[in-house]
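Asks: Before anything else, here's the structure in question.
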Amino acid sequence: MDRGKGFPSSELSSIFNKFYRGKDAKAGGTGLGLSIVKGFVEAHKGKVSASNRQNGGALFTIEIPVENF
């Protein structure tokens, strides 16, 4: 989590798409970072999500299942 400005609500459903960059994104970057994160997490049968914090900022949640042996 961070204390930045967060994401516009209309963009939250797209931020994990390949090459997606927010409409107010600064120059630079390819829009692949969060897509790569999603790929790694899903390869481990997990889930990743993003939301906005109540008092400002973004919150990323990664859930990866663990097997008990």
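Asks: Can you work out ³J(HN,Hα) from phi for every residue in the range 16-31, in order, using Karplus 6.51 cos²θ - 1.76 cosθ + 1.60 and θ = phi - 60°, giving whole Hz and x for Gly and Pro?
Replies: Couplings: 9, 6, 4, 6, 6, 10, x, 5, 9, 5, 6, 4, x, x, 10, x Hz.
Asks: If you line up the Cα atoms of the chain on their principal axes, what length do they span on each, largest first, in Å?
Replies: 46, 28, 18
Asks: Here's another thing I want to ask about it. Considering Cα pairs under 8 angstrom that are at least six residues apart, work out the relative contact order of the chain and quote it in whole percent.
Replies: 37 percent
Asks: Count the lysine pairs in the chain whose Cα atoms lie under 20 Å apart, taking only pairs 8 or more positions apart in sequence or on different chains.
Replies: Lysine pairs meeting both conditions in the chain amount to 7.
Asks: Continuing with this model, one more query. Where nothing but the Cβ of Lys and Arg (+1) and of Asp and Glu (-1) is charged, how large is the charge dipole of the chain around its Cα centre, in debye to the nearest 20?
Replies: Value, rounded to 20: 260 debye.
Asks: Expressed in nm to one decimal, what extension gain is obtained for the pair residue 40 and residue 23 from 0.36 nm per residue of sequence separation less their Cα-Cα distance?
Replies: 3.6 nm
Asks: Can you tally the net charge around residue 31? Count Lys and Arg as +1, Asp and Glu as -1, for every other residue whose Cβ sits under 13 Å from the Cβ of residue 31.
Replies: +4
Asks: Accessible area of the chain with a 1.4 Å probe: how many percent of it is carbon plus sulfur?
Replies: In the chain, the share of accessible area belonging to carbon and sulfur is 54 percent.
The values are calculated or read from the model by the stated rules, or taken from the named source; none is laboratory data. Note that the structure is a prediction, hence the values are computed from the model and not measured. In this analysis, Cβ positions are derived from the backbone assuming ideal geometry, glycine residues included, and neighbour counts consider all displayed protein chains. Just the protein is used for accessible areas: all its heavy atoms, side chains included, with ligands, DNA and RNA removed. Shrake-Rupley method; radii C 1.70, N 1.55, O 1.52, S 1.80 Å.
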